[in-house]
């Protein structure tokens, strides 16, 4: 994680990169240290700003937390409980060689600041247990462990780029996830619908049952739900708190071999273990899994964490 580098005076116009995705403007900044000396630099220091996304800061912080846990980090989280929140702070440290390399007290720090339509995210390093944004306490989050991607990247070289890629994807998936009106911020429910090509593995349904919609219901005053509605109006309703595990799997044989699918393992109201599999477009499947993980994390742990 440490790299020996020689820093030289940068070009004065080489600090910013502008990108646009849909209606969201991304502005990327690189922190530059001007020096003629050889220094040791921990490479994960960067800031990005996001405009016009009407984003729920707390939900983004939850998704980053679950991502880091899925990659074997111990995670601490602090959230602004004002209405609407203007910051969130996440710390992460990893067991094994990474913790040894940067020291037991060193952490990856992720800060989220701003308003729903103007958010700045910074990734850097700091001291484990120290909140840089507020005097509010940091809570170590229990391992949720319900989601798993098909492939995980643990190497330091790829971690930073993968983390930023994930954050950028979640910015897009969470666009318009909150109300600008502060009075509605904590009362607005948010339903996200995704086209599903087929589902299989659900008791009593012919396999596979083709075409439908998978909806992630993020409810303010009720339990979150995952609902599949088929083209002939049949439904699978899964309470988020009943989910045991969700993962991306690859179909090994039969119809559409090698398709990527999401498998959700949960207990029904009678305590039976059910394992339906949902086929979604490969371009959105990781975002849908992140959404499922968020719903489960909130209902099982985070809704009561700050009470």
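Where a number appears in this text, it was derived from the coordinates with a stated rule and is not lab data. As the structure is a prediction and not an experimental result, all values here were calculated from the model. Cβ placement follows ideal geometry from the backbone for every residue including glycine, while neighbour counts extend to all protein chains displayed.
Overview of results
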quantity: Rg and Dmax [Cα atoms of region 189-281; Å; Rg one decimal, Dmax integer]; calculated: 13.0, 42
quantity: Order of 261, 81 under a 10 Å beta carbon neighbour criterion, fewest first; calculated: 81, 261
quantity: For 108, 236, order by how many other beta-carbon atoms lie within 10 Å, fewest first; calculated: 236, 108
quantity: Part-to-part distance (alpha-carbon centres) for region 266-285 and region 217-238, which is given in Å; calculated: 12 Å
quantity: Protection-proxy order for peptides 283-296, 112-125, each taking the mean of Cβ atoms within 10 Å per residue, highest first; calculated: 283-296, 112-125
quantity: Inter-label distance, nm, simple model (7 Å from Cα along the C-beta direction), residue 231/residue 162; calculated: 3.7 nm
quantity: Packing-based order for 162-169, 268-275, using average beta carbon neighbours within 10 Å, highest first; calculated: 162-169, 268-275
quantity: Extension gain, residue 172 back to residue 219 (0.36 nm per residue minus Cα-Cα distance, nm); calculated: 15.0 nm
quantity: Inter-label distance for residue 270 and residue 82, nm, one decimal - labels placed 7 Å from Cα along Cα-to-Cβ; calculated: 5.2 nm
